[in-house]
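Scroll down for the structure; my scribbles are underneath it.
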Amino acid sequence: MTHFYRSKGLQPLRIFIQLSFSASGLRDLDVMSKSDPMVVVYAKKKNGNLEEVGRTEVIMNTLNPTWIQKINVAFHFEIVQPLVFRVYDVDTKYHNMSTKMLDLKVQDYVGEANCVLSEIMTHRSRSMTLKLVGGSGHAVGNMGSINVHAEETIASKMAIETRLRCSNLDNKDKFSKSDPFLRISRVVEVGSPIPICKTEVVNNNLDPVWKPLCIHTQQYVSKSVLTSIPMATIHLSCKWCTTHSCAKLSALLTYVLTSTRKWSNSKLHTSIQGLENLHKTNAGANFVLPSSRHKGHEKALKGKIFVGGYEERELYSFLDYISSGFELNFMVAVDFTASNGDPRSLNSLHYIDYSGRLNAYQQAIIEVGEVIQVYDYDKRFPAWGFGGKLHNGSVSHCFNLNGNDGNFEVEGVQGIMDAYRNALHTVSVGRKLVLDSTRGGDVTEISLHGPTLFGHVVNQAAEIAAQSLSTNHTKYFILLFITDGVLTDLQGTIDALVRASDLRLSILIVGVGNDDFKQMEILDADTPLAELNGKNSYSR
């Protein structure tokens, strides 16, 4: 996942936090004194193995310790991160030894607790108190409790948003105009400049205007700069992509940008005065080409760079939204088109293996749903199917997965799984599927059909998001499409996405099977949909 974000030029959705610990009512395992407890934190992997994350210090002679040592953890919003906290009573003869060197096998085991990291992060106080249990998961009498508190460790949340443009760039192509982009690097005391961000390529243009850039303080000012160097230098490089090679010639602008330090409530605020001055004066800065023969000699180029916009603002993290009461609401839409194959067949993408092995649809529901449901308070999720023929002979591209015409919501991710499984737990009638309805009313018949249309579900989800926006400003909706086929209504989907682009709604598309999913790239956030339907919007 981290590689995916970096490949798109984005920062991963992770936040570094510190875990603090205290405990109360611990078991006393010492004879002549009280226990000397220490906490060891583990991350539980998918295979069940435990990977040690860190250890606190040992607190002497207490059953109600408060540890000073913090444990650093990277919080990934998009991953379920189970943690295990084990408390040990450290034997007196090991007190002079570093806790990292302690052999836990020879220490007295006090008890343990576990939770998912996102459970801690969704609490308003970012704290949880957990009862300690034995290694088997069962309490042996009163074993005490442990309190876990999480705190974000971002030094600064300030960023600048700037809009850059150039004029009169040299043309490096023979039969067309150059395709320029900007790369911004941070200059360090030793070594080459470190790239921190770049713009998109503007094709066939010598007067390019790039999309706004957002540059985080921590990208352009390192810790060493803040503590010892009064000037932060940023290195802007304008490159041209030619048909033969990309960035064959670099025209460099080195511009000294003043970094000021100001502390307020333990938060760091910085400004890049140089870019701001260019914006205020509306003056262009010339690119220069350093001489390869004579060091220090530079050739001024006719091309100039302008700062069309400059704004300092604070970036809010995912935790800031969660702490303020923001919640996510999960929606899912499942493909019931005939290309999935007869669910009775082992080769079907909808085949239900009652030995417990999940099919691709079930895996997608579980893996996405279990992440999102933690951030939803009522855990009631809309669930739809699309592409199926109903008992009345009509093909529906948005029907309630639970078979209840009056209510499309189900209870939790398990409710989605049950509704999906019940829809496929059928009595076969030719190609038809008879839903084993346990929800009351008549048994509903449905058959896998087609074509593959997304627009109806997008419109339904958008309607829910719009209604919520008028009454509740703390919800954000995540719609998951799971499909095996090529879209039939690409333009209809684009139109629906653009209409919904102003709403608090994001759409995930998971492709299953071996079909061609190149169409989905058109719906990717890198591709502007405005050009396809005339509205200034992007898919999300």
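The values are calculated or read from the model by the stated rules, or taken from the named source; none is laboratory data. Values in this document were obtained by computation on a predicted structure and should not be read as measured data. Cβ: placed from backbone, ideal geometry, glycine included. Neighbour counts: every protein chain shown. Calculation scope for accessible area: heavy atoms of the full protein, side chains included, ligands and nucleic acids excluded. Shrake-Rupley method; radii C 1.70, N 1.55, O 1.52, S 1.80 Å.
Of all residues in segment 279-300, those being at pLDDT below 70, in contact with a strand residue (DSSP E or B) (Cβ under 8 Å, 6 or more places away or on another chain) and either among the basic types (K, R) or open to solvent by less than 70 Å² (accessible area, probe 1.4 Å) (or both) number 5.
Considering only segment 383-410, state which residues are in a strand (DSSP E or B) and either of a type in the set (F, W, Y) or within 26 Å of S323 (Cβ to Cβ) (or both). So that I can check it myself, show each step before the final result.
Narrowing segment 383-410 to residues in a strand (DSSP E or B): 383-386, 388-390, 395-396, 399-400, 409-410.
Residues satisfying the conditions are W384, F386, F399.
The sole residue among L508, L497, L490, L503 that is among the aliphatic types (A, V, I, L, M) and touching a residue at least 60 places away in the same chain (Cβ under 8 Å) is L508.
Answer yes or no as to whether Y109 is at pLDDT below 90 and farther than 30 Å from Y377 by Cα. Here the answer is no, as Y109 does not meet what is asked. Can you spot a residue in segment 48-55 that is free of Cβ contacts under 8 Å to residues at least 12 places away in the same chain and within 20 Å of L130 (Cβ to Cβ)? Looking through segment 48-55, at least one residue is free of Cβ contacts under 8 Å to residues at least 12 places away in the same chain and within 20 Å of L130 (Cβ to Cβ). Number of residues in segment 447-464 that are open to solvent by less than 20 Å² (accessible area, probe 1.4 Å) and over 20 Å from I365 (Cβ atoms): the value is 4. May I ask you to list the residues in segment 353-379 that are at pLDDT 90 or above, part of a loop (DSSP other than H, G, I, E, B) and among the polar types (S, T, N, Q)? If the condition is that a residue be at pLDDT 90 or above, part of a loop (DSSP other than H, G, I, E, B) and among the polar types (S, T, N, Q), then N359 is the only one that fits. The single condition among (1) out of contact with any Leu (no Cβ under 7 Å at 6 or more places or on another chain); (2) modelled with pLDDT of 90 or more that I79 does not satisfy is (2). Taking segment 56-117 as the region of interest, the strands (runs of 3 or more DSSP E) fully inside it that hold 3 or more residues being open to solvent by 20 Å² or more (accessible area, probe 1.4 Å) and either more than 18 Å from N147 (Cα to Cα) or not charged (D, E, K, R) (or both) are 71-76, 108-116.
For segment 465-488, the tally of residues that are touching a Leu at 6+ places or on another chain (Cβ under 7 Å), crowded, with 18+ Cβ neighbours inside 10 Å and assigned to a helix (DSSP H, G or I) stands at 1.
Out of the residues in segment 473-510 that are farther than 16 Å from V457 by Cα and within 19 Å of the chain's Cα centre (by Cα), which is modelled with the lowest pLDDT? Result: T474.
Name the residue that is surrounded by the fewest Cβ atoms within 10 Å (Cβ to Cβ), counting only residues in segment 26-47 that are modelled with pLDDT under 95 and among the hydroxyl-bearing types (S, T, Y). Top of the filtered list is S33.
For segment 380-418, the tally of residues that are open to solvent by 40 Å² or more (accessible area, probe 1.4 Å) and at pLDDT below 90 stands at 10.
Name the single residue, out of those in segment 308-337 being of a type in the set (G, A, S) and surrounded by fewer than 18 Cβ atoms within 10 Å (Cβ to Cβ), that is farthest from the chain's Cα centre (by Cα). So, considering only residues that are of a type in the set (G, A, S) and surrounded by fewer than 18 Cβ atoms within 10 Å (Cβ to Cβ), the one farthest from the chain's Cα centre (by Cα) is G308.
Would you point out the residue of segment 334-352, among those that are in a loop (DSSP other than H, G, I, E, B) and either small (G, A, S) or touching a helix residue (DSSP H, G or I) at 6+ places or on another chain (Cβ under 6 Å) (or both), that is nearest to V512 (Cα to Cα)?
We begin by selecting, within segment 334-352, every residue in a loop (DSSP other than H, G, I, E, B); these are 336, 341-352.
So of that shortlist, the ones also either small (G, A, S) or touching a helix residue (DSSP H, G or I) at 6+ places or on another chain (Cβ under 6 Å) (or both) come out as 341, 343, 345, 348-350, 352.
Working: G341: 12, P343: 15, S345: 16, S348: 11, L349: 8, H350: 10, I352: 15 Å.
Restricting to residues being in a loop (DSSP other than H, G, I, E, B) and either small (G, A, S) or touching a helix residue (DSSP H, G or I) at 6+ places or on another chain (Cβ under 6 Å) (or both), the top hit is L349.
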